[in-house]
Amino acid sequence: MHLPDDIKSKIDYTTIEVLPETYIDESLSHHQVDALFKVRCNGSDLLLYVLVEQQSRPDYSMPVRSLSYKSDIWASYIETHKHDSDAKLPPIINLHFYTGSTPYDGPLSIADLAKDNADIVNQSLIQPMINIWAGAVTEEQLETHPWASTLEYIMHHRRTSDIRPILRAIAPNVRKFYMVGQTQFVLSLYTYIENVYTFKSPAEEFANIAGEEISERAKEDIMTIAEQMMRRGIEQGALKNSIEIAQRMIAEGSNPAFIMKVTGLSLDQIKELQKKQ
């Protein structure tokens with residue numbers, strides 16, 4: 001009854017299939033109901049997403065929520081058809097049933113929200129993302145575009161086993177970052193290196209090189225990050241051990257209060273573990 005004429009005349013209604021998934025956020029489920037159908041249209045899949053709103057006023061955020069639902073539906077479709085080389089992303093038609101006392105007068109599309117930005121916003125939704133290959137960064141770009149190129153350079157060389165040439169190559173830029181007060185950006189770069197790089201030098205040697213090539217402050221920052229990461233690793237290891245002990249005690253029927261005393265976990269944490277048993 002409500003589909004556009006140019007669509008409903010092309011649908012093969014004998015192929016209609018109800019898909020079991022729901023895409024409503026749990027916090028909104030008390031006043032929304034949804035249903036997803038799949039049909040064949042001109043030989044390809046077409047998805048019909050029905051959303052029933054139990055609310056009395058238009059929702060200004062509806063177009064954004066609708067886009068979020070579509071995104072989740074497409075993600076699910078891709079996962080389901082990932083082994084099908086002929087699968088293609090199907091169009092989704094939204095049918096929004098509104099129960100207000102007067103006709104719906106809120107925005108119905110992203111374009112409605114974008115207003116005079118509609119053309120460029122619509123284009124941004126369908127145009128390809130800008131893909132940047134970190135391996136293409138050049139020495140010239142390190143000089144002319146220090147912010148982006150330094151990040152790309154570090155990303156590209158993340159599998160290196162020797163940090164020295166990498167640190168020396170970016171040292172001029174890191175000095176610039178310190179000079180303009182952007183220490184947080186520098187710390188983020190260091191943290192990435194600590195987390196991702198496979199270099200063999202210990203943190204102390206890494207810090208010494210930073211001190212030689214950049215500044216004493218850089219050396220101190222590196223040591224601070226290394227200490228924080230070591231402390232975090234110890235804490236995470238202790239928590240994992242406590243969780244494993246608690247899981248065994250739950251399986252054996254131990255009292256939650258006793259589990260709390262042995263492991264140091266909170267009652268809420270233990271309850272969550274009990275739910276997963």
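The values are calculated or read from the model by the stated rules, or taken from the named source; none is laboratory data. No experiment lies behind these values; they were computed from the predicted model shown. In this analysis, Cβ positions are derived from the backbone assuming ideal geometry, glycine residues included, and neighbour counts consider all displayed protein chains.
Yes or no: region 28-46 includes at least one residue that is surrounded by fewer than 12 Cβ atoms within 10 Å (Cβ to Cβ) and of a type in the set (Asp, Glu).
So far as region 28-46 goes, no, none of its residues is surrounded by fewer than 12 Cβ atoms within 10 Å (Cβ to Cβ) and of a type in the set (Asp, Glu).
Using the structure shown, decide if Ser188 is farther than 12 Å from Ile214 by Cα, surrounded by fewer than 14 Cβ atoms within 10 Å (Cβ to Cβ) and in contact with a Lys or Arg (Cβ under 8 Å, 6 or more places away or on another chain). Walk me through how you get there before you give the answer.
Values: farther than 12 Å from Ile214 by Cα: yes; surrounded by fewer than 14 Cβ atoms within 10 Å (Cβ to Cβ): yes; in contact with a Lys or Arg (Cβ under 8 Å, 6 or more places away or on another chain): no.
Taking the combined requirement at face value, the residue does not satisfy it.
When you scan region 218-240, how many residues do you find that are at pLDDT 80 or above and either in contact with a Ser or Thr (Cβ under 9 Å, 6 or more places away or on another chain) or not in a helix (DSSP H, G or I) (or both)?
Number satisfying all stated conditions: 0.
Any idea how many residues of region 34-70 are out of contact with any strand residue (DSSP E or B) (no Cβ under 7 Å at 6 or more places or on another chain), touching a residue at least 12 places away in the same chain (Cβ under 8 Å) and under 24 Å from Asp12 (Cα atoms)?
2
Among the residues in region 154-161, are any of a type in the set (A, V, I, L, M, F, W, C) and in contact with a Pro (Cβ under 9 Å, 6 or more places away or on another chain)? Can you show your working first?
Initial filter on region 154-161 (of a type in the set (A, V, I, L, M, F, W, C)): 154-155.
Going one step further and asking which of them are in contact with a Pro (Cβ under 9 Å, 6 or more places away or on another chain), we end up with none.
Within region 154-161 (the criterion being of a type in the set (A, V, I, L, M, F, W, C) and in contact with a Pro (Cβ under 9 Å, 6 or more places away or on another chain)), the answer is no, since none of the residues qualifies.
When you look at Ile166, is it over 23 Å from the mean Cα position of the chain (by Cα) and closer than 30 Å to Leu36 by Cβ, yes or no? It would help to see each step written out before you state the result.
On the way: over 23 Å from the mean Cα position of the chain (by Cα): yes; closer than 30 Å to Leu36 by Cβ: no.
Spelling it out, it is not the case that Ile166 is over 23 Å from the mean Cα position of the chain (by Cα) and closer than 30 Å to Leu36 by Cβ.
Can you spot a residue in region 201-216 that is modelled with pLDDT of 80 or more, closer than 16 Å to Tyr153 by Cβ and surrounded by fewer than 15 Cβ atoms within 10 Å (Cβ to Cβ)?
So far as region 201-216 goes, no, none of its residues is modelled with pLDDT of 80 or more, closer than 16 Å to Tyr153 by Cβ and surrounded by fewer than 15 Cβ atoms within 10 Å (Cβ to Cβ).
Please state which one of Ile73, Ile110 is more than 29 Å from Tyr13 (Cβ to Cβ), surrounded by 13 or more Cβ atoms within 10 Å (Cβ to Cβ) and under 24 Å from the mean Cα position of the chain (by Cα).
Step by step, each of Ile73, Ile110 is checked, and only Ile110 is more than 29 Å from Tyr13 (Cβ to Cβ), surrounded by 13 or more Cβ atoms within 10 Å (Cβ to Cβ) and under 24 Å from the mean Cα position of the chain (by Cα).
Tell me, which helices (runs of 4 or more DSSP H) wholly within region 113-207 include 2 or more residues that are assigned by TED's automatic domain parsing to the domain that holds Asp59? Break it down into steps so the answer makes sense when it comes.
Details: elements: 118-126, 139-144, 146-156, 164-179, 183-196.
Where helices (runs of 4 or more DSSP H) fall fully within region 113-207 and carry at least 2 residues being assigned by TED's automatic domain parsing to the domain that holds Asp59, they are 118-126.
Counting just the residues of region 254-272 that are in a helix (DSSP H, G or I) and within 16 Å of Glu244 (Cβ to Cβ), which one comes out modelled with the lowest pLDDT?
Looking only at region 254-272, we keep the residues that are in a helix (DSSP H, G or I), and these are 256-263, 267-272.
Narrowing further to those that are within 16 Å of Glu244 (Cβ to Cβ): 259-260, 262-263, 269-270, 272.
On the way: Ile259: 84, Met260: 82, Val262: 78, Thr263: 84, Gln269: 83, Ile270: 84, Glu272: 82.
Result: Val262.
Scan region 85-127 residue by residue and report those that are out of contact with any helix residue (DSSP H, G or I) (no Cβ under 8 Å at 6 or more places or on another chain) and either at positive phi or touching a residue at least 24 places away in the same chain (Cβ under 8 Å) (or both).
Those that are out of contact with any helix residue (DSSP H, G or I) (no Cβ under 8 Å at 6 or more places or on another chain) and either at positive phi or touching a residue at least 24 places away in the same chain (Cβ under 8 Å) (or both): Lys88, Pro91, Leu95, Phe97, Tyr98, Thr99, Gly100, Ser101, Tyr104, Asp105, Lys115.
Every residue, every condition in (1) in contact with a Cys (Cβ under 7 Å, 6 or more places away or on another chain); (2) surrounded by 13 or more Cβ atoms within 10 Å (Cβ to Cβ); (3) among the aliphatic types (A, V, I, L, M), yes or no:
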| position | (1), (2), (3) |
| --- | --- |
| Met129 | no, no, yes |
| Trp133 | no, no, no |
| His145 | no, yes, no |
| Glu152 | no, yes, no |
| Asn195 | no, no, no |
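Among the numbered criteria (1) touching a strand residue (DSSP E or B) at 6+ places or on another chain (Cβ under 9 Å); (2) closer than 30 Å to Ile193 by Cβ; (3) of a type in the set (A, V, I, L, M, F, W, C), which single criterion is violated by Leu142?
(1)
Which residues, taken from region 248-268, are surrounded by 17 or more Cβ atoms within 10 Å (Cβ to Cβ) and within 30 Å of the chain's Cα centre (by Cα)?
Matches in region 248-268: Leu265 only.
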